[in-house]
Amino acid sequence: MLQKCEGIVIRATDYGESNKIVTIFTRELGKVGMMARGAKKTNSRLSSVSQLFTYGYFLFQKSSGLGTLQQAEIIHSFRTIREDLFQTAYSTYIADLLDKSVEDRKPNPFLFELFYQTLNYINEGYDPDIMMNIFEMKVLPVLGHYPVLDRCAVCGSTDGEFGFSIRENGFICHRCFSVDPYYFPVSQGVLKLLRLFYFLDIHRLGNISVKEETKKELRKIISAYYEEYTGLHLKSKRFLEQMENLKGML
Ligand SMILES: [Zn+2]
């Protein structure tokens with residue numbers, strides 16, 4: 001039976017002489033793997049549609065295992081992302097994180113929209129660091145993690161000075177600092193951004209401009225949180241860090 005879905009290619013792997021296996025995150029079905037026969041050949045009509053980040057309508061033959069991609073109609077190919085090494089590295093990590101966060105064929109239209117909008121913002125030139133952090137914060141509940149970001153995670157207080165505790169799973173107030181001697185002392189701006197990223201409706205994102213130092217703080221906390229709770233060690237993340245170091249040297 002043939003099925004048509006709206007989706008974005010989040011992984012593409014060569015298979016044999018001329019085929020590719022593509023993983024597509026679809027609005028209707030969630031994550032679906034498909035065989036794209038002949039897609040490695042440049043003259044194949046499936047070659048351009050099976051590239052990473054292609055957004056389109058995909059028509060495929062359903063089966064219990066891998067589906068077979070029949071044809072596709074491109075809506076958007078995120079050209080700016082593909083032509084920029086840094087944007088590609090950020091987007092690859094985000095797609096990888098999405099891939100590792102969801103099981104096959106579990107529809108999640110919220111996540112589809114979040115992923116699509118995130119790529120869209122990066123493609124339009126929004127700060128990819130910030131877009132990555134927003135995606136990382138928003139995908140936490142999908143991974144089963146709910147950091148406490150609107151009160152003290154220990155005593156529930158909403159006033160005072162706050163820090164971030166990995167162990168206590170969120171903000172802690174100055175009265176509770178002694179509970180976790182390893183808490184991160186963080187600036188007011190960072191607390192606000194962490195909360196904003198987590199609760200924000202992605203459609204309402206204005207142009208956020210964040211200082212390098214604040215970005216460093218954000219990255220440190222989010223990375224430490226991921227390290228502690230998610231068990232994910234993504235190659236694409238390591239690659240991105242190497243790219244960042246390279247950028248620092250240029
Ligand atoms: Zn407290």
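Computed from the coordinates by the stated procedures, all read-outs in this text should not be read as laboratory data. It should be emphasised that the depicted structure is a prediction, and the values quoted were computed from it without experimental measurement. All Cβ positions, even for glycine, are placed from backbone atoms using ideal geometry, and neighbour counts span all protein chains on display.
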**Study point:** Viscosity 1.306 mPa s, temperature 10 °C, Stokes-Einstein D of the range 87-145 from Kirkwood C-alpha radius, µm²/s
**Key:** 137
Practice item. For the chain, with a Gaussian network of springs between Cα atoms less than 10 Å apart, report the residue from 130, 222, 94 with the top mean-square fluctuation. Key: 222
Check your understanding: If the cut-off is 16 Å between C-alpha atoms, which lysines fall inside it for residue 235, apart from same-chain ones fewer than 8 positions away?
Key -> 100
Check your understanding: Per the Debye formula with a single identical scatterer at each Cα and no solvent contribution, what log10 I(q)/I(0) holds for the range 63-175 at q = 0.10, 0.11, 0.17 Å⁻¹?
Key -> -0.44, -0.52, -0.95
Study note, to complete from the structure: At q = 0.09, 0.14, 0.15, 0.21 Å⁻¹, the log10 of I(q)/I(0) for the range 103-239 from a Debye sum over equal Cα scatterers comes to -0.28, -0.68, -0.78, -1.39
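Within the set of other residues whose C-beta is less than 14 Å from the C-beta of residue 14, count the net charge using Lys and Arg as +1 and Asp and Glu as -1.
Numbers: positive: 11, 20, 37, 40, 41; negative: 17.
Spelling it out: positives minus negatives among the neighbours equals +4.
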Review point. Okay, helix-only estimate at 222 nm for the chain: each DSSP H run of n ≥ 4 adds -39500 (n - 2.57), divide by all residues, round to 500 deg cm²/dmol; what do you get?
Key: -12000 deg cm²/dmol
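Work out the length of the dipole vector of the range 77-205 about its Cα centre, built from +1 on the beta-carbon of each Lys and Arg and -1 on the beta-carbon of each Asp and Glu, and round it to the nearest 20 debye. Walk me through the intermediate numbers first.
Details: 12 positive and 17 negative charges, 49 e Å.
It comes to approximately 240 debye.
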Exercise for review: State the volume of the convex hull built on the alpha-carbon positions of the range 1-99, expressed per residue in Å³ and rounded to an integer.
Suggested key: 96
Practice item. Identify, among 34, 77, 12, the residue whose Cα sits farthest towards the positive end of the charge dipole of the chain, taking +1 on the Cβ of Lys and Arg and -1 on the Cβ of Asp and Glu, with the dipole about the Cα centre. Key: 34
Exercise for review: Answer with one residue from 166, 226, 240: the one whose Cα lies farthest towards the positive end of the charge dipole of the range 151-250, charges on Cβ with Lys, Arg +1 and Asp, Glu -1.
Suggested key: 240
**Study point:** Extended-chain gain in nm, criterion 0.36 nm per residue less alpha-carbon gap, residue 1 and residue 243
**Key:** 82.7 nm
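Please return the longest stretch of the chain lacking exposed loop sites, where trypsin sites (Lys or Arg not before Pro) count only if DSSP places them in a loop and at most 15 other Cβ atoms lie within 10 Å.
Values: sites that count: 41, 45, 62, 105, 167, 211.
Counting at most 15 other Cβ atoms within 10 Å as exposed, the longest clean stretch of the chain is 106-166.
Starting from the range 1-62, pick out the GluC sites (Glu not before Pro) whose DSSP state is loop and whose Cβ has at most 15 other Cβ atoms within 10 Å.
Numbers: sites: 6, 17, 28; in loops: 17, 28.
Qualifying residues, ordered by number: 17, 28.
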Exercise for review: Quick one: dipole size for the chain, taken about the Cα centre, charges +1 on Lys/Arg Cβ and -1 on Asp/Glu Cβ, in debye to the nearest 20.
Suggested key: 720
Point to revise | GNM result for the chain, Cα springs below 10 Å: residue of 179, 32, 190 fluctuating most strongly | key: 179
Exercise for review: Rank 64, 209, 18 by mean-square fluctuation in a GNM of the chain with C-alpha springs under 10 angstrom and give only the top-ranked residue.
Suggested key: 64
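Using the Cα centre of the range 1-150 as the reference point, and only Cβ charges (+1 on K/R, -1 on D/E), how large is the resulting charge dipole? Debye, rounded to the nearest 20.
On the way: 16 positive and 17 negative charges, 162 e Å.
Dipole of the range 1-150, to the nearest 20 debye: 780 debye.
Can you flag which of 20/138; 138/220; 4/138 are past 22 Å Cα-Cα?
Details: 20/138 31 Å; 138/220 17 Å; 4/138 28 Å.
In this structure, 20/138; 4/138 exceed 22 Å between Cα atoms.
Give me the extension gain from residue 45 to residue 233: residue separation times 0.36 nm, minus the current Cα-Cα distance, reported in nm with one decimal. All intermediate terms of the calculation are to be shown ahead of the outcome.
Working: separation 188, 0.36 × 188 = 67.68 nm, distance 3.50 nm.
Full extension of this stretch gives 64.2 nm more.
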Check your understanding: What is the distance, in nm, between label points placed 7 Å from the Cα along the Cα-to-Cβ direction at residue 184 and at residue 145?
Key -> 1.1
Review point. Tell me, what HN-Hα J-couplings in whole Hz come from the Karplus equation 6.51 cos²θ - 1.76 cosθ + 1.60 at θ = phi - 60° for each residue of the range 29-46, using x for Gly and Pro?
Key: 10, x, 7, 9, x, 9, 8, 10, 5, x, 5, 6, 7, 5, 8, 6, 6, 9
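Over the chain, consider all pairs of different Cα atoms and compute the Kirkwood hydrodynamic radius from their mean reciprocal separation; express it in Å, one decimal. Kindly include the intermediate steps, with their values, before the conclusion.
Values: mean 1/r = 0.0513 Å⁻¹.
Its Kirkwood hydrodynamic radius stands at 19.5 Å.
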